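A.B. asks: One structure follows; several queries about it will come next.
Each value in this text was obtained by applying a stated rule to the coordinates, not by laboratory testing. Every value quoted in this text rests on a predicted model; they were computed, and no experiment measured them. Because the Cβ atoms are built from the backbone with ideal geometry, glycine has one as well, and the counts that use them run over all protein chains shown.
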Amino acid sequence: MHIIRRPDWHLPESAVTPEPVWRARRRLLAAGAGALAMAALPGTAARAEEGPAPFSPLPARNPDFADAGRAVTEERLNASYNNFYEFGSSKAISGAARRLVTDPWSVRIDGLVARERTVALEDLLKAMPLEERIYRHRCVEAWSMVVPWIGFPLAALVAWAEPLSSARFVRFETFLDPDVAPGQRQHWYPWPYVEGVTIEEAANPLPLMVVGAYGKMLHNAMGAPLRLHLPWKYGFKSIKSIVRVSFTDTRPVGFWEELQGNEYGFWANVNPDVPHPRWSQRTERVLGTDEVVPTVIYNGYGPQVAHLYRGREEGREIWF
Ligand code: MTE
């Protein structure tokens, strides 16, 4: 998010060939089909374009979130324009993100809970109520999308985890594997990516733990196999590829807060009246259209969440 501290030896993302591509190329070369190998590469790309497997059975759409007031952003665009710094600092990380192996996947539940445990994602999903919700998604960089997510309420995970009464925050952590994620070799970032919410925010019905989108399993670039989406907060709070959920009495310090605390804080609730220190938040570019529209407080989800912050609207605290 516009914080670029690259040493001289930094490799541009375009110089990194996705593993499935170089493996396929190597196999073909080994078979003595040098010329053919180059011809075969577009085919590799075409197969990858088909995207993840369909979600089966497809969960029902929640009627309360069936219409986000704007057209759903094209899947092709959403799957190719991403912030996922583990795979690079450009938006074009979808090729690199295909390296991440998302099956099997497990999640560690720990901290202030009745019982710490590690659960396989497939087992967790058997215990969670899956549904589809169409949500607006507003990045702090002043662009937005509309996404038909498939997932389960974070509130259901909180209830399942049985937090102790001393738990005041929920902290999320992304995988850490610099062999797979070249961005994690950039030591000036505070890996792994971490984010957090208060226990009250986590218990609100809006936050969704996402495992699919567009009727399919989640694209790796979108944070497969398990990410969070907090539709009333700036997008950086919506952490991807989660491996750990911890319950704590200490406010977690997020990845961006750790890096640049005066620009990206803990709360990060959308507010057009509070500018980012380096740009306005008044409007947003609706990706996939020519439109620039006014940004709405709490990204339009005020009726569901404003009560969480009542009495604290003055100043900057809850907006950063
Ligand atoms: N989670 C991880 N682990 N790494 C990231 O770089 N980027 C964040 C958030 N979650 C990020 C992340 C930011 S800045 C945004 S805007 C959203 O993911 C982007 O989600 P999208 O690519 O699905 O639009």
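A.B. asks: Explain nothing, just the number: relative contact order of segment 216-320, from Cα pairs under 8 Å at least 6 residues apart, as a whole percent. Let's see the in-between values first.
C.D. replies: On the way: 128 pairs, mean separation 24.6, N = 105.
Taking the mean separation of contacting Cα pairs over the length of segment 216-320, I get 23 percent.
A.B. asks: Could you work out how far the C-alpha centroid of segment 166-210 sits from that of segment 252-267, in angstrom?
C.D. replies: Result: 12 Å between the Cα centres.
A.B. asks: So, one more: Taking H as built 1.01 Å from N, whose amide H comes closer than 5 Å to the amide H of residue 61, not counting residues under 5 places away?
C.D. replies: When sequence neighbours closer than 5 places are left aside, the close amide H contacts are 132.
A.B. asks: Rank these for me by crowding, 189, 85, going from fewest to most other beta carbons within 10 Å. Provide the component values of the computation, followed by the final result.
C.D. replies: On the way: 189 19, 85 24.
Least crowded to most crowded, the residues run 189, 85.
A.B. asks: Here's something else I'd like to know. Using R₀ = 22 Å, calculate the FRET efficiency as 1/(1 + (r/R₀)^6) where r is the Cβ-Cβ separation of residue 188 and residue 92; round to 0.05.
C.D. replies: For residue 188 and residue 92, the calculated efficiency is 0.55.
A.B. asks: Then there is this: In segment 129-172, whose amide N lies under 16 Å from the spot 7 Å out along Cα-to-Cβ of residue 200? List them in ranges.
C.D. replies: 166-170, by backbone N distance to the label point.
A.B. asks: Provide the per-residue ³J(HN,Hα) series for segment 171-186, in order, calculated from phi with Karplus coefficients 6.51, -1.76, 1.60 and θ = phi - 60°, each as a whole number of Hz, with x at glycine and proline positions.
C.D. replies: Along segment 171-186, the couplings run 10, 10, 9, 8, 4, 10, 7, x, 5, 9, 10, x, x, 6, 8, 7 Hz.
A.B. asks: Going from the alpha-carbon gyration tensor of segment 13-309, what semi-axes, largest first and in whole Å, does one get by taking the root of 5 times each eigenvalue? Don't jump to the answer; show the numbers that get you there.
C.D. replies: On the way: eigenvalues 198, 105, 79 Å².
That gives 31, 23, 20 Å for the three semi-axes.
A.B. asks: In sequence order, what are the phi-derived ³J(HN,Hα) couplings for segment 151-166 according to the Karplus relation 6.51 cos²θ - 1.76 cosθ + 1.60 with θ = phi - 60°, rounded to whole Hz, with x for glycine and proline?
C.D. replies: x, 9, x, 4, 4, 5, 5, 4, 4, 5, 6, 6, x, 6, 5, 7
A.B. asks: Within a 10 angstrom radius of the beta carbon, how do 283, 248 rank from fewest other beta carbons to most?
C.D. replies: Arranged by neighbour count, lowest to highest, 283, 248 become 283, 248.
A.B. asks: Same structure again: Near residue 237, which lysines are there with a Cα under 20 Å away, not counting those fewer than 8 places off in the same chain?
C.D. replies: Partners found: 91.
A.B. asks: Here's a follow-up. So how do 198-210, 123-135, 51-63 stack up, highest first, on mean other-Cβ count within 10 Å?
C.D. replies: Details: 198-210: 20.5, 123-135: 16.4, 51-63: 13.0.
Order by mean packing, descending: 198-210, 123-135, 51-63.
A.B. asks: How high is the relative contact order of segment 13-309, in percent, counting Cα pairs under 8 Å that sit 6 or more residues apart?
C.D. replies: 19
A.B. asks: I'd like the Karplus ³J(HN,Hα) series for segment 200-208: coefficients 6.51, -1.76, 1.60, θ = phi - 60°, whole numbers in Hz, and an x wherever there's a Gly or Pro.
C.D. replies: For segment 200-208, the Karplus-derived couplings read 5, 5, 5, 7, 5, x, 6, x, 10 Hz, x marking Gly and Pro.
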